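Asks: Mind looking over this structure? Questions follow.
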Amino acid sequence: MAVCGDVGAASLPSELIVHIFSFLPPPDRLRASAACSHWRECLFYPALWPELRLSLRVSLAERPRLEFLMRKCGCFVRELRVEFAADNYSPGSAADPCGSSSPPPGSASSSQASEPDGQHASRWLDVLKTYLELVLCVLSSIRNNRNLQKLSLFGDISILQQNGTITNTYLNKVDPGGKKIRQIQQLFEEILANSRQLKWLSCGFMLEIVTPTSLASLSNPVANTIEHLSLLDNHTPANTTLITAIEMERFVHLRSLALDFCDFTADMARVLANNNHVPLHRLSLLVHNTSLKNKTLDKMPEDEDWKALTRNSANLRVYMMAFDVKSEDMLRILKPSIPLERIHFDSYATCVSGAVVDLISRQYDAFLTHFILMNDVNDMSGFPDLSDNRNEDPLVLLAWRCMRLSLLAVHGYTVWAHNLIAIARLRGPDLKMLEVTEESIDFDQSELADQDVDPVHNLIEQVSIGLSRPWRAVMDIEMFSVFTEPARHFYREMQNFSEGI
């Protein structure tokens, strides 16, 4: 490459190289930096890397790259997002640490996972050890970064998080005495204590990184300016909350919040409804069966609390995900005044009832845009039928009543072909996503008896006409994270949901 006569690329001033890099996306910058050592030195000029997003496999091969990036960028990066996921897994298997969420104790998958063979046990020990080392690498590199504005950490290694039993067994082997866990927790608190510009703090499913004392490390001026707070962890001990209503009083400029539903109490709703707080725009709640077993619903907000909150926050929208929650608990949780915009059900041992779906369609017709229904059953021969013994299918009523519905995804529940056609006709092109797995679709006898019509071809054609675009059932479930990685899907959707205010 020649610039002016015999002047080569290596002779360009650093300021000019940095200016050239500023027009390139990160992958192209990396390729361009291979031109020479001078260009490589300019690659990590702080102004070029205000934001760093990493999706890491929990494997030893990832460590050198991570250490290099964090050593170069950790001290000055403004926005850091890191996702950890275990490597070399088989999605959907009993030993899948980062695919679908861990099944509850007592299910078939749980019994397999709770007694891993020697090979699996050795692999998960390596996974957990590497995971702890990678987390330590990330936190150590940003401990003195006072200009960090956004910090987002996600670690879905859920096979190690079944009521703490498997996790504790592995932790005692790879981290005797809990030395590394305490170091991780101390580093996290040190980062919060040193922060001066933090406005976004998000921690989802990270193994024992957040404790009930973590947020106390934030100074009052920083807590007063934080706009997003996300604390999601289904590994906390029984009756432990990561933030209390009293602590929430410091976060007066909070615009979006994500918590375990059992931690979002009536007292907390009243604090957020106070005029001292700016209006809350986004609220994401995780309803987890493990949390419900260890905690109680007695302190949850009642309908009057939701009414008071929405009076102060007129634009509030709620995103809720339910992991293996009984229908009777959901009927208690779903108060009429919740401005529910999105709901995601994921289950292994329990099934959502038609009554729950019907309640959602009646109470939240003015808000609901996303409805996901997932049942990861082992027996594929008979899916639960929401329309059983009902005049109208609850999913059809949902499509009829909820005029803003734009996403509907179903797996593991029987969806009759004629009802699927009705849903497509009711919502039309406004239903931007209609994802129904092939094995969930069934045909009644009259459709199968008609020898002149291919029922599958007719279904595809009629749904496509209703939606005004080509449509097919989901043939390969592994292509959709909403089915195979529900925790990761929820976390990413929560991030987008919270940023869209």
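The values are calculated or read from the model by the stated rules, or taken from the named source; none is laboratory data. Please read these numbers as outputs of a predicted model, since none were measured by experiment. Cβ coordinates were reconstructed from backbone atoms using ideal geometry, including for glycine residues, and neighbour counts include every protein chain displayed. Remember, those area values only see protein heavy atoms, side chains included, never the ligands or the DNA or RNA. Shrake-Rupley method; radii C 1.70, N 1.55, O 1.52, S 1.80 Å.
Asks: Can you name the condition, by its number, that D452 falls short on among (1) part of a helix (DSSP H, G or I); (2) modelled with pLDDT under 90?
Replies: Against the list (1) part of a helix (DSSP H, G or I); (2) modelled with pLDDT under 90, D452 comes up short only on (1).
Asks: If I filter the stretch 97-117 for residues that are among the acidic types (D, E) and either open to solvent by less than 30 Å² (accessible area, probe 1.4 Å) or modelled with pLDDT under 80 (or both), do I get at least one hit?
Replies: yes
Asks: Has the stretch 367-374 got at least one residue that is under 30 Å from H418 (Cβ atoms) and either open to solvent by 40 Å² or more (accessible area, probe 1.4 Å) or over 21 Å from the mean Cα position of the chain (by Cα) (or both)?
Replies: Within the stretch 367-374, one or more residues are under 30 Å from H418 (Cβ atoms) and either open to solvent by 40 Å² or more (accessible area, probe 1.4 Å) or over 21 Å from the mean Cα position of the chain (by Cα) (or both).
Asks: Could you tell me whether the stretch 302-311 includes any residue that is without any contact (Cβ under 8 Å) to a residue 60 or more places away in the chain and touching an Asp or Glu at 6+ places or on another chain (Cβ under 8 Å)?
Replies: no
Asks: Would you check which residues across the stretch 19-63 are touching a helix residue (DSSP H, G or I) at 6+ places or on another chain (Cβ under 9 Å) and among the hydroxyl-bearing types (S, T, Y) and list them?
Replies: Passing the criteria: S22, S33, S37, Y45, S59.
Asks: So which residues in the stretch 312-324 are open to solvent by less than 10 Å² (accessible area, probe 1.4 Å), more than 30 Å from Y348 (Cβ to Cβ) and without any contact (Cβ under 8 Å) to a residue 40 or more places away in the chain?
Replies: Matches in the stretch 312-324: L316 only.
Asks: I've got another one for you. All but one of (1) in a helix (DSSP H, G or I); (2) open to solvent by less than 30 Å² (accessible area, probe 1.4 Å); (3) modelled with pLDDT under 95; (4) not acidic (D, E) hold for A399; state the number of the condition that does not hold.
Replies: Going through (1) in a helix (DSSP H, G or I); (2) open to solvent by less than 30 Å² (accessible area, probe 1.4 Å); (3) modelled with pLDDT under 95; (4) not acidic (D, E) one by one, A399 breaks only (3).
Asks: Before we move on, is N294 more than 23 Å from T241 (Cα to Cα) and open to solvent by 20 Å² or more (accessible area, probe 1.4 Å)?
Replies: Judged against the criteria, N294 is not a match.
Asks: Is it the case that E447 is at pLDDT below 85, surrounded by 15 or more Cβ atoms within 10 Å (Cβ to Cβ) and touching a Ser or Thr at 6+ places or on another chain (Cβ under 7 Å)?
Replies: no
Asks: Quick check on H281: is it open to solvent by 10 Å² or more (accessible area, probe 1.4 Å), at negative phi and modelled with pLDDT of 95 or more?
Replies: In short, yes.
Asks: If you take the residues in the stretch 171-203 that are more than 26 Å from the chain's Cα centre (by Cα) and not in a helix (DSSP H, G or I), which one is modelled with the highest pLDDT?
Replies: For the stretch 171-203, the residue satisfying everything is R196.
Asks: For the stretch 63-73, give me each residue that is within 22 Å of Y491 (Cβ to Cβ) and open to solvent by less than 10 Å² (accessible area, probe 1.4 Å).
Replies: L66, M70
Asks: Can you confirm whether the stretch 402-424 contains a residue that is open to solvent by less than 20 Å² (accessible area, probe 1.4 Å), farther than 15 Å from V356 by Cα and touching a Gly at 6+ places or on another chain (Cβ under 6 Å)?
Replies: Yes, the conditions are met somewhere in the stretch 402-424.
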